[in-house]
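Data first, discussion second: the structure below is written as structure tokens.
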Amino acid sequence: MRGPLLGYLAIVALVSCYDSIPSDPLSDVEGPALAAAAPAAASLNLDIVLQDPDNFEVTNIWSGPIELGVPGNLGGMLFSPDGNLLYIVGESETRFSTVYGVPVVRDPVTNKVINLLPTTGVIYVGDPLTAGLDAGFEFGPEGTIFNTYWSANKIGQRPGGPQGSETLFDMLQVGIPSSIAGLTFSPHVTDPATRFGQMLVSSWSGANLFEVPLTPLGGGLFRPEQSTLFVTLPLEGTGAIQFVPSGLLAGNLMYVNWDLGMVRVLTIDPGTGLPIDQGTGQPKLGTTNPMDDLFASGFGVGPWGLEFDPLTNDFFVSTWSGTPVNSVIHISGLGFATPPELIARLNIEVQALNDDGVLSDGIAQSLLQKLQNALSAVLVDRPSADNMLNAFINEILALMPPPDPGTLTPEQGQVLIDLAQQAIDLLN
């Protein structure tokens, strides 16, 4: 029975409208190469180890210089607003630093990135007298592009986007120690002067992140004001910083540690936008003892740029030298999924069990109807969506032994229950 109630394309259309990691001992994590990686990744003898391989996986790797035509060392990355181009900094931290445009190939149904193509050319060149474009690379208020410059300790602003002319601002003047590295804007806290997310920056080789207010100057330019310590991380070596937009880690701050080859996650209180102090369990501005966990290791020396795909929320890491050397690494998985995407996956699983003769047409129709009801309620009535997903779980349990003699094996049933429970957890 193929989609009598819930066509996959309809789910994808609704998904597009929808707007903890285990602790580590702060030491190198050893383990086998990731078995779930794509063939291209496996051919590179990949050493990356994900802390939660059940929910995240490396799906592809591209060499910047060889496959994309972007010279190393690689720096920050930024998707164009339509998601059709990935801007990548090449020759990062030098006076030759340049932003290149890399075309993105997507699956026509899921919008997932399935390939990156060789660069179409230079988008813009960093200031030739300033070293050099680096890991911080974001669209900010009024569509202005913000770039960080290391080791010059400056921020470049380009009003109007890539084609705009650049103005540089010295970050030492506002209390950022040399030199600024990463930059992002908070989804939790609004800067009252810009009515945009509060700007956060990192400083390498230190372990500190800072809040930096902005004052509008007109014409899409914003003067940085005196910084405030946001958090002291447990390890020095911070580069790019990004808030996770969806999934199991939604709202937390992901960042790279270049020195130790790690991607880590800082726990953020969604109500205040502040880091959680490990000693008290409470949000605290400027904490030196934050809740902070390992996400992935094995990037060598080291990972430097981070970016989330605006269409799917998949995650991309670039390496400045690093392992694999000067590469773009694509990390995907249900751990980044939204509730509608998880319901879409459940729909596929149920229909596959029906096609294989495991579930009768009547049982499959009953399950798919519950998923349809949950999906319809996700945007307008979350408690109803929650109730429908719990009813789905109860029906699955009734099909597993005992009491059912075994319409579904425990393994088949548990896959469905886990997906539904993950969607419920994200709804609450």
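A few notes on this one:
- Condition check for residue 132: buried (at least 20 other Cβ atoms within 10 Å of the Cβ) and closer than 20 Å to residue 168 by Cβ: yes
- The listed residue being more than 22 Å from residue 285 (Cβ to Cβ) and at pLDDT 95 or above, out of 210, 169, 185, 230: 169
- Complete set of residues in region 301-320 that are of a type in the set (Gly, Ala, Ser) and modelled with pLDDT of 95 or more: 305, 318
- Within region 356-428, helices (runs of 4 or more DSSP H) holding 1 or more residues that are closer than 23 Å to residue 339 by Cα and aromatic (Phe, Trp, Tyr): 382-398
- Beta carbons closer than 9 Å, at least 6 apart along the sequence or on distinct chains, pair a first residue in region 300-325 that is farther than 21 Å from residue 259 by Cβ with a second that is outside any strand (DSSP E or B) and among the β-branched types (Val, Ile, Thr) for 308/244; 312/110; 313/244; 313/338.
- Yes/no for residue 223 being touching a helix residue (DSSP H, G or I) at 6+ places or on another chain (Cβ under 8 Å) and either of a type in the set (Phe, Trp, Tyr) or over 23 Å from residue 300 (Cα atoms) (or both): no
- In region 309-319, residue surrounded by the fewest Cβ atoms within 10 Å (Cβ to Cβ) [restricted to those that are among the polar types (S, T, N, Q) and assigned to a loop (DSSP other than H, G, I, E, B)]: 313
- Residue that is surrounded by fewer than 17 Cβ atoms within 10 Å (Cβ to Cβ) and not in a loop (DSSP other than H, G, I, E, B), where the choices are 229, 306, 294: 229
- In region 394-409, the residues that are within 17 Å of residue 357 (Cα to Cα) and not hydrophobic (A, V, I, L, M, F, W, C): 404, 405, 406, 407, 409
- Scanning region 84-117 for residues that are at pLDDT 95 or above, closer than 19 Å to residue 315 by Cα and assigned to a loop (DSSP other than H, G, I, E, B) returns 84, 117.
- Which numbered condition residue 104 fails, given (1) among the β-branched types (Val, Ile, Thr); (2) surrounded by fewer than 21 Cβ atoms within 10 Å (Cβ to Cβ); (3) in contact with an Asp or Glu (Cβ under 7 Å, 6 or more places away or on another chain): (3)
- Count of region 118-131 residues which are β-branched (Val, Ile, Thr) and not in a strand (DSSP E or B): 3
- Residue selected from region 173-206 under the condition aliphatic (A, V, I, L, M) and part of a strand (DSSP E or B), by the criterion surrounded by the fewest Cβ atoms within 10 Å (Cβ to Cβ): 189
- Residue within region 380-391 that is modelled with pLDDT of 95 or more and either more than 30 Å from residue 244 (Cα to Cα) or of a type in the set (Gly, Ala, Ser) (or both) present: yes
The values are calculated or read from the model by the stated rules, or taken from the named source; none is laboratory data. Small disclaimer: the values here were computed from a predicted structure and weren't measured. Glycine also receives a Cβ, built like all others from the backbone with ideal geometry; neighbour counts cover every protein chain displayed.
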